[in-house]
Each structure stands twice: as C-alpha cells, then as structure tokens.
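Computed from the coordinates by the stated procedures, all read-outs in this text should not be read as laboratory data. Predicted model only: the values in this text are computed from it and were never measured. Glycine gets a Cβ as well: all are built from the backbone with ideal geometry, and neighbour counts include every protein chain shown.
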Amino acid sequence: MLTRKQHELLTYIDKHLRETGFSPSFEEMKEALNLRSKSGIHRLISALEERGFLSRRHHRARALEVTRLPEEGRPRPVVANATAPEPAAFAPNVIRGDFTNRFAGVKAADDAVAVNLPLYGRIAAGLPIEATRDSGAHIEVPMAMLGAGEHYALEVAGDSMIDAGILDTDIVIIRRGDVADNGQIVVALVDDEEVTLKRLRRKGASIALEPANPRHETRIFPASRVRVQGRLVGLMRKY
C-alpha cells in the first residue's frame, strides 16, 4: 500500500510518460502535487523507487520509468521514446498474504525449543506495524534466536538492505522496543505512516536511516519524525 501522496505522484508520472514519452521535471511534479518544495518530491520518488514502483538512471536528467502500478500484478511496458533506465529489482506490492503454509517444512530440530511468532506483513508496506498485523499468520522460530522481551516477524520487501545480507522475501525477527543504539538495524516509523527497515544513525537532533545498497539513498529526518518500533535480532530464509 502506498501513502496518498506517493500514489498521486506515481499516477501523475505514469500519465505524463504516456502523454509525452518522457518523465516530468521536479518543478512540474511539485506543482502537480501542490507541494512547497522539491525536497518533498525527492523523498516521494526515493520511497517509490525503494518499493519497486519507479526506476531511474542516476546521473541522467528526467529518466524515470513506472515499473508497476499498485493495482497491477505485472511490470509496466517501457514507454516509447523514453530514456531506458537500468532495470530495478523486483519488489511486489504485497502487504499481507497467507504465510501460514509457506514455511510448513521449516521445523526446529526440537519442537520443545521453538516458539510461534506473529508474522505481521511486509516491512516496506508503508503502514505502521500495528496496521499490518495478521492474527492468522505465524512462523515457528527457534528459541535460540530470541532473548528477553517481545518479538515479532516481518517479511522484507525490496533490496535496500542487501549488503547487510537481508534479501527480498527474507523473514526478519524483530525485538519490540522504542530505543536502539547507533548502527543497529531497526524498524522505523516515519511520520506515523511509513515503515522501513534501515540502519539507524543519530546525528545531533536528526536521525539518518541508512540503506545497505548504494542504489538507495540515506534519508535524514528530524528526530521528532522517526519512531523506533523494534530492532533486528535474527533472520530466516527459505531456499
């Protein structure tokens, strides 16, 4: 699910590409969404790119391509006469699903030392953790992966943390909490509407959310706009 502004921008860019064959300028996008500054457009584009709805060729002006729309299940065709960007990683627009049987074959060596954790949804879904809860979805996790405190699991969407060994569709184990040390990978809620998995860095009165992929940009916010919802303590992957 996208935020309202993300959806408006994606729709506008798609319409502009279809009508003109090239992507709109930042000034045109700012005016179309009635925003005060271009920095807001830059933030929206970065979020859409991270979720796999847009791709762009860096260091080349006006080279955006809509790779998918929220209601579509397949990639968008390349627009004629548009500058061809580098291919983006596949990141399906799935918020919830039936994960109950997905890991049916994954069992701990000893059932007595495993617990069921709630599997809330996809980490790049753009909703607070509480809004992505699916009470019917759980995953069995070895007790050895957990420590004290409350834990939950999330499915990763996108490739923004691949250099930290976290891949698209991986399941991350999160210890719930609202504090984290510098350099820890956390679930962060931005502006009470966007959830992301990033490395946290405090810089004075600001917080930087760092990806682990050079294709994505570090985003810096006032500390008042970011809430930590938990920190990464484990990862599970099905081959």
task = Report ³J(HN,Hα) in whole Hz for each residue of region 28-33, in order, from the Karplus equation J = 6.51 cos²θ - 1.76 cosθ + 1.60 where θ = phi - 60°; Gly and Pro get x.
result = 5, 5, 4, 5, 5, 9
key: FRET efficiency, 1/(1 + (r/R0)^6) with R0 45 Å, evaluated for Arg202 and Asn34 via beta carbons   = 0.85
Cut-off under 5 Å, modelled amide H: who pairs with Val115 long-range = Val141, Met143
message = Checking the cross-link filter: which lysines have an alpha carbon closer than 16 Å to that of Lys30, excluding same-chain neighbours under 8 positions apart?
response = Lys5, Lys15, Lys38
Placed amide H near Ile123: partners under 5 Å, 5+ positions off or other chain = Glu155, Val156, Ala157
Order by protection proxy (mean Cβ within 10 Å, highest first), peptides 204-217, 152-165 = 152-165, 204-217
note = Distance in nm between Met143 and Ala223 label points, each 7 Å along Cα→Cβ, equals 3.8 nm
query = Can you list the HN-Hα couplings for region 169-174, worked out from phi with the Karplus curve (6.51, -1.76, 1.60; θ = phi - 60°), rounded to whole Hz and with x for Gly and Pro?
reply = 6, 4, 9, 9, 9, 10
task = Pop out the ³J(HN,Hα) list for region 137-154 in order, Karplus 6.51 cos²θ - 1.76 cosθ + 1.60 with θ = phi - 60°, rounded to Hz; leave Gly and Pro as x.
result = 10, 9, 9, 7, 10, x, 4, 5, 7, 10, x, 6, x, 8, 10, 8, 10, 9
